[in-house]
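So the structure is just underneath, and the comments pick up after that.
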Amino acid sequence: TTLSSTLGVTGATTMNAATINGTATLNAKSVVNGSWSANIRDIHAGAGADYSVEETDYILFLNYTGGSGTFTIYLPPVDASEGRMIRIKTDDTISNSNALSIVPDPGDTSATIDGEASSAMTRPYDGATYLAHNGNWWLIQKKEK
């Protein structure tokens, strides 16, 4: 089944195979019996370059391919992202000399990440999850090896 318009449901519904093109809004408890998958965007980072998180991004997997320096990831505008989570994972190419800087969108002049102007990833195999809430980004999970 492909849904490309509005689907209104009252009561319980079971979908065995569905493709939703666009946005699906669930205003209720959601139960998944089985696996859940998300698209992964592979990003080849390099010194002085940057990447702006796109509307369809959820998981970013970073590999540092350029010379020593910092690669910047711009989070999306926070006002249009309430409740959105962005996950970032690195491989073994990230280090103090090949670092990532995660910052709010340049237009978000008052937005912070946990009260700071930026967040950094400087170790191999780092992982972090960022949440947009109340006009700011929050680091809700960070894994450092």
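The values are calculated or read from the model by the stated rules, or taken from the named source; none is laboratory data. Here the structure is a predicted model, which is why all the values come from computation and not from measurement. Please note: Cβ atoms are built from the backbone with ideal geometry, for glycine as well, and neighbour counts cover all protein chains shown. Accessible surface is based on the protein model in full, side chains and every heavy atom, while ligands, DNA and RNA are left aside. Shrake-Rupley method; radii C 1.70, N 1.55, O 1.52, S 1.80 Å.
Please give the FRET efficiency for residue 58 paired with residue 10, using the beta carbon to beta carbon distance and R0 = 41 Å, rounded to the nearest 0.05. The calculated FRET efficiency here is 0.90.
With protein chains left intact and a 1.4 Å probe, residues in the chain average 64 Å² of accessible area per residue.
Ordering 44, 133 by how much accessible area each has at a 1.4 Å probe, largest first, what is the list? Mind showing how you got there, number by number?
Details: 44 130, 133 80 Å².
If we order 44, 133 from most to least accessible, we get 44, 133.
For segment 49-66, backbone phi angles converted through the Karplus equation (6.51, -1.76, 1.60; θ = phi - 60°) give residue-by-residue couplings of 8, 8, 8, 9, 4, 8, 4, 8, 7, 10, 10, 10, 10, 10, 10, 8, 10, x Hz, Gly and Pro being listed as x. Annotation: residue 56 carries an accessible surface of approximately 110 Å², with a 1.4 Å probe and no ligand, DNA or RNA atoms counted.
Here the accessible area is traced with a 1.4 Å probe on the protein chains. For segment 98-143, carbon and sulfur cover 51 percent of it. Coupling constants for segment 89-101 follow from the phi torsions by the Karplus curve (6.51 cos²θ - 1.76 cosθ + 1.60, θ = phi - 60°), and in residue order they are 10, 10, 9, 7, 8, 8, 7, 4, 8, 10, 9, 10, 10 Hz; glycine and proline get x. Surface composition of segment 13-92: carbon and sulfur atoms hold 47% of the protein heavy-atom accessible area at a 1.4 Å probe. 3J(HN,Hα) along segment 30-42: 10, 10, 10, 9, x, 8, 9, 10, 9, 5, 10, 9, 7 Hz, from the Karplus curve 6.51 cos²θ - 1.76 cosθ + 1.60 with θ = phi - 60°, whole Hz, x for Gly and Pro.
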